Amino acid sequence: MTRSFLPITTIAIFILFLWYCLSIVLNSSWAYDRAARNSQTLTFKELVHDTWSQKKPKLPAPHQVFSEMWETTFNKKVTSKRSLVYHTWITLSGTIAGFLFGTILGIVLALAIVHDRATDLSIMPWIITSQAIPILALAPMIIVVLGSMGFTGLLPKAVISMYLSFFPIVVGMVKGLRSPEILEIDQMKTWSATKTQILWYLRIPRSIPYLFTSLKLGIAASLVGAIVGELPSGAISGLGARMLAGSYYGQTIKIWSALFAAAILAATLVTLIGLIQKIISKRMMLQV
Amino acid sequence: MPSENMISAKSISLRFDTEDSVVNALQNVSINISRGEFVSFIGPSGCGKTTFLRIIADLERPTEGEIEVNGMTPEEARRARAYGYVFQAPGLYPWRTIAANVRLPLEIMKYSKAEINERIQRVLSLVELNGFEKKFPWQLSGGMQQRVSIARALSFDADILLMDEPFGALDEIVRDHLNLQLLKLWLKTNKTICFVTHSIPEAVYLSTKIVVMSPRPGRIIDVIDSALPKQRPLEIRDTKPFIEIAQRVREGLRKGQSYD
Ligand SMILES: Nc1ncnc2c1ncn2[C@@H]1O[C@H](COP(=O)(O)OP(=O)(O)O)[C@@H](O)[C@H]1O
Ligand SMILES: [Mg+2]
């Protein structure tokens, strides 16, 4: 932690610097145009000041984004449509629901695949095909179909989220459940263990490290799914909806703050799973 | 009804057909092992010792020949839990304590809770590991881990114990100690033991019968019935009968090589 502090800070400062420079460059034409309309000329100082404080900049400056995030996080009621916490919560609930469905589906499929060779051969190609279809094409259809059945809001989002997240879980769990060595399987055979006993006593414990790696990928995919699910639905809440609304009205500061909220959410969720992994691995005496 | 012949193999052959070659792992192997014997299989690596043990255990099927284990086919014997198998590596589960590792086959075989606990105590004391129940495998030395593995193989009271170079990875001092222990354990439990080893002194010290094998194709060169007494202090290794048997084993191994 302390060892990585310096390099990470260095990179962060570098990115901030680059970002400030870019926002001067990208927002300057608008500043110059306005000055020309008012028959003014801009000093460099005035230019910088203008480009870092426009209301609808092409690229908002970092402090604009962070003050917007601060404002919409701490100075709004969390139940308000203008609160970032509210929108984050909406997206989070879709993410978690989709992640839970995806994890269950992924584990069930992996068990079926490992248990039975025929299932492996018949299901696996479909699973791989499913991930070849771009989610952006599929998402509106899922929303329309579920909407026509009367399902709106959380469920369609969760379904899209599940669609993205079950895949890393299946792949990781199949690998994990097949990770016991031949010696370990032979040993089980010498005890005449049933398939179910081999699964329960050997395959499942051995798959735990693989499961956690998959869960980290899965939760990130779930979040993407939930946001994508908020884009085409005409939804008015959620980080995805906020990004879309921001882009309709050219409110770039809003888009960026939603983007950062999503990134922070993703990092938090992945870290959380990492923590649970550490605790369980320590208890199970497995190397992380 | 228990048969006097615990294991009887008649003209066993096993060929491994792999993509690029055919290996005659065993050719025309016949042997009779009586109840209560301690049989060592010795020979250079690749002569089919492991393969023969695996055939007894129903982990491989012979291509030709017939084999009976306690009057049954190997598969029936495996299902009847007629043998305990000790592999070269201890194969303990790192997430289970020592007691829980010994408990594993008992849980699989659905013994009652009370009986499981009683048996764990009994077999751990057989290998002199009482008091280590709550430890995890990584807290034990290699020799102790292998003893846990033996305890586990003993826990369900199989009549036969199959051991594939169980002490191969251990140093000589630990090995001497474990040999002594194993002999005591055999006298106490009266099991039939099939023991694979690379070491001539180990084979002679432990066995009532020594099977000398040679590779390509794997076959039996000599079967030596040892006349050493059942009670064997370590010093017996310096006596004349011991040295004579060791010489005969060495000769057999040499003869096997000259066939190449
Ligand atoms: N599953 C297998 N497939 C192909 N060849 C094998 C297999 N198992 C063992 N063999 C070959 O059979 C021969 C005997 O092996 P093994 O019984 O392990 O010998 P040992 O235990 O005496 O060292 C060796 O040549 C080995 O390479
Ligand atoms: Mg071997």
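No value in this document is a laboratory result; all are computed from the given coordinates. Because the structure is a prediction, the values reported are computed rather than measured. Heads up, the Cβs are rebuilt from the backbone with ideal geometry, glycines too, and the neighbour counts pull from every protein chain shown.
Under a Gaussian network description of chain A, with springs only between Cα atoms under 10 Å, the residue in A:ILE182, A:ILE90, A:ILE236 that fluctuates furthest is A:ILE182.
Ordering A:ALA220, A:GLY274, A:ILE253 by Cα displacement along the dipole of the range A:141-288 toward the positive end leaves A:GLY274 in first place; charges were set at the Cβ atoms of Lys, Arg (+1) and Asp, Glu (-1). Remark: the range B:1-139 projects, on average over all directions, an area of 11.1 nm² (convex hull of Cα atoms). For B:MET6, the amide hydrogen comes within under 5 Å of the amide hydrogens of B:ILE33, B:SER34, B:ARG35, counting only partners 5 or more places away or on other chains and with H modelled in the peptide plane.
Per-residue shielding of A:180-190, expressed as the average number of other chain Cβ atoms within 10 Å of the residue Cβ, stands at 5. Peptide packing: for B:56-68, B:201-213, the average count of neighbouring Cβ atoms within 10 Å per residue gives the ranking B:201-213, B:56-68, highest mean first. Summing Lys and Arg as +1 and Asp and Glu as -1 over all other residues whose Cβ lies under 12 Å from the Cβ of B:HIS198 gives a net charge of -1.
Legend: mean number of C-beta atoms from other chains within 10 angstrom of residue C-beta atoms, peptide A:271-281, equals 0. Relative to the Cα centre, the charge distribution of the protein assembly as shown, modelled as +1 at Lys and Arg Cβ and -1 at Asp and Glu Cβ, gives a dipole magnitude of about 1940 debye. Dipole magnitude for chain B: about 620 debye, using +1 per Lys or Arg Cβ and -1 per Asp or Glu Cβ, origin at the Cα centre.
Over every Cα atom in chain B, the radius of gyration and the widest Cα-Cα span, Dmax, amount to 18.3, 57 Å.
The three principal axes of the Cα atoms in the range B:193-252 give end-to-end lengths of 36, 24, 17 Å, sorted in falling order. From the residues B:SER40, B:ASN179, A:SER237, which one has its Cα farthest along the dipole of the protein assembly as shown in the positive direction, the dipole being from +1 and -1 charges on Cβ of Lys/Arg and Asp/Glu about the Cα centre? Highest projection toward the positive end goes to A:SER237. The packing ranking of peptides B:221-232, A:249-260, A:221-232, highest mean first, is A:221-232, A:249-260, B:221-232, where packing means the average number of other beta carbon atoms within 10 angstrom of each residue. Take each residue in B:86-96, count the other chain C-beta atoms within 10 Å of its C-beta, and the mean is 4. The mean of 1/r over all distinct Cα pairs in the range A:11-100, once inverted, gives the Kirkwood hydrodynamic radius of 15.5 Å. Sorting A:CYS21, B:CYS194 by the number of Cβ atoms found within 10 Å of their own Cβ, with the fewest placed first, yields A:CYS21, B:CYS194. Each Lys and Arg Cβ is given +1 and each Asp and Glu Cβ -1; about its Cα centre, the range A:84-283 then shows a dipole of about 380 debye. Each residue of the range B:109-114 is assigned a 3J(HN,Hα), and the resulting list reads 8, 6, 6, 6, 4, 4 Hz, derived from the Karplus form 6.51 cos²θ - 1.76 cosθ + 1.60 (θ = phi - 60°), x at Gly and Pro.
Sorting the segments A:64-76, A:132-144, B:101-113 by their residues' average number of neighbouring beta-carbon atoms within 10 angstrom, most packed first, yields B:101-113, A:64-76, A:132-144.
Considering just Cα atoms, how many Å³ per residue does the convex hull of the range A:194-257 enclose?
For the range A:194-257, the hull spanned by Cα atoms encloses 101 Å³ per residue.
Return the whole-Å distance between the Cα centroid of the range B:1-38 and the Cα centroid of the range A:32-103. Value for the Cα centre distance between the two parts: 78 Å.
How big, in percent, is the set of alpha carbon pairs in the protein assembly as shown lying more than 31 Å apart?
Above the 31 Å cut-off, the protein assembly as shown has 63 percent of its Cα pairs.
For chain B, the relative contact order is 25 percent, taking Cα pairs closer than 8 Å that sit 6 or more residues apart in sequence and dividing their mean separation by the residue count.
Kirkwood radius and radius of gyration were both taken over the C-alpha atoms of the range A:188-227, and their ratio Rg/Rh is 1.30.
Taking amide H as placed 1.01 Å from N in the peptide plane, the amide H of B:PHE38 sits under 5 Å from that of B:ILE193, B:THR208, B:LYS209, each at least 5 places away or on another chain. Both numbers refer to the Cα atoms of the range A:29-149; Rg and Dmax are 25.0, 78 Å. Three principal axis extents describe the C-alpha atoms of the range A:84-283; from largest down they are 69, 38, 25 Å. Each Cα pair under 8 Å and six or more residues apart adds its separation to the average, and for chain A the resulting relative contact order is 21 percent. Secondary-structure-derived ellipticity at 222 nm for chain B, considering helices only, amounts to -11500 deg cm²/dmol, per-run term -39500 (n - 2.57) for DSSP H runs with n ≥ 4. The mean sequence separation of alpha-carbon pairs under 8 Å and at least six residues apart, normalised by the residue count of the range A:188-288, gives a relative contact order of 26 percent. Think of the protein assembly as shown as having a plus end and a minus end, set by charges on the Cβ of Lys, Arg, Asp and Glu; of A:THR43, A:MET149, B:GLY256, A:THR43 sits farthest toward the positive end of this dipole. Can you give the calculated 222 nm mean residue ellipticity of chain A, where each DSSP H run of n ≥ 4 adds -39,500 (n - 2.57) and the sum is split over every residue, rounded to the nearest 500 deg cm²/dmol? Using -39500 (n - 2.57) per qualifying helix, the result is -26500 deg cm²/dmol.
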